[in-house]
Amino acid sequence: MHDFNFRPKAFLFDLNGTMINDMEYHTLAWYSIMTEDLGAKLDYASVKKEMYGKNHEVLERVFGKGKFSPAEIERLSVDKEKRYQSGYLPHLALIAGLDQFLERAKAAQIPMAIGSAAIPFNIDFVVDGLNIRHYLDAIVSADDVQTSKPDPETFLKAAAALGIAPADCLVFEDAPKGVESALNAGMPCLVLTTTHTIEEFDGYPNILGYITDYNETKLNMLF
């Protein structure tokens, strides 16, 4: 951790890749739909690069705006999420140490929120499937914002819901676009190295450090 002396008043968590290690299953679901159903000539790595933002934004980045009608986008989105949940359900679990971290934060009366580009259908799948809703004071989903990360709206709305100033919030993220969103919101960030390499985060001045999971002793400095 880099000169870490920050004492946050709130914790804001991205969900996918940050609380659970599931990004592979999102990518596999999109890869199946894009290549098998829609005929896109993309390899797995190319699909993985587009795994951020709302579902319609993913489709528009890959296929262009206007390719699909709103009804088609809705159908493809529902199909993608059903494939994701079916594939990930047998592996549904919090990232190591997060259960104890959440309990410790709750005991310390540090408010916590999820700020995610996931739709409520997927957030509920995780939060209720893992029985962690009682730790959370707010949830901001894709349906709650106009513009996805790296726009700061997601994290700013989460901070506002908690009644905590943005500069006093600590964001946990796993993706460069999420770190950029935190930066745009004026928030420091801790990065989970579940999805991207450390080198992919070069140039973000708001990163306080990197962790592989929530068992790392350096997290004791947050309390």
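Residues whose amide H lies under 5 Å from that of VAL171, counting only those 5 or more places away or on a different chain, are LEU12, CYS189, LEU190; hydrogens are built 1.01 Å from N in the peptide plane. From least to most packed, judged by other beta carbons within 10 angstrom and beginning with the fewest, MET19, MET221, MET112 follow the order MET221, MET112, MET19. Averaging the Cα positions of each part gives two centres, and for the stretch 150-223 and the stretch 13-54 these lie 21 Å apart.
As a rough footprinting exposure proxy, the listed residues SER86, SER32 were ranked by other beta carbons within 10 Å of their own, and the order from fewest upward is SER86, SER32.
Taking a sphere under 12 Å around the Cβ of TYR135 and counting the other residues whose Cβ falls inside, with K and R at +1 and D and E at -1, yields a net charge of 0. Taking Cβ atoms as reference points and 13 Å as the exclusive limit, the residues near LYS106 contribute a net charge of -1, counting Lys and Arg as +1 and Asp and Glu as -1.
Using Cα atoms only, what is the angle between the long axis of helix 120-129 and the major principal axis of the chain, expressed in degrees (0 to 90) to the nearest 10? Once rounded, one gets 50 degrees.
Taking the number of Cβ atoms within 10 Å of each Cβ as an exposure proxy, the fewest-first ranking of GLU180, GLU24 is GLU24, GLU180. Each Cα pair under 8 Å and six or more residues apart adds its sequence gap; the mean of these over the residue count of the chain is a relative contact order of 28 percent. Helix content alone sets the calculated 222 nm mean residue ellipticity of the chain: runs of n ≥ 4 DSSP H residues at -39500 (n - 2.57) each, divided across all residues, give -11000 deg cm²/dmol.
To the nearest ten degrees, helix 153-162 and the longest principal axis of the Cα atoms of the chain are 40 degrees apart.
Under a Cβ-Cβ cut-off of 13 Å, what is the net charge of the residues other than GLU60 that fall near it, where Lys and Arg count +1 and Asp and Glu count -1? That works out to +1.
No value in this document is a laboratory result; all are computed from the given coordinates. Values in this document were obtained by computation on a predicted structure and should not be read as measured data. In this analysis, Cβ positions are derived from the backbone assuming ideal geometry, glycine residues included, and neighbour counts consider all displayed protein chains.
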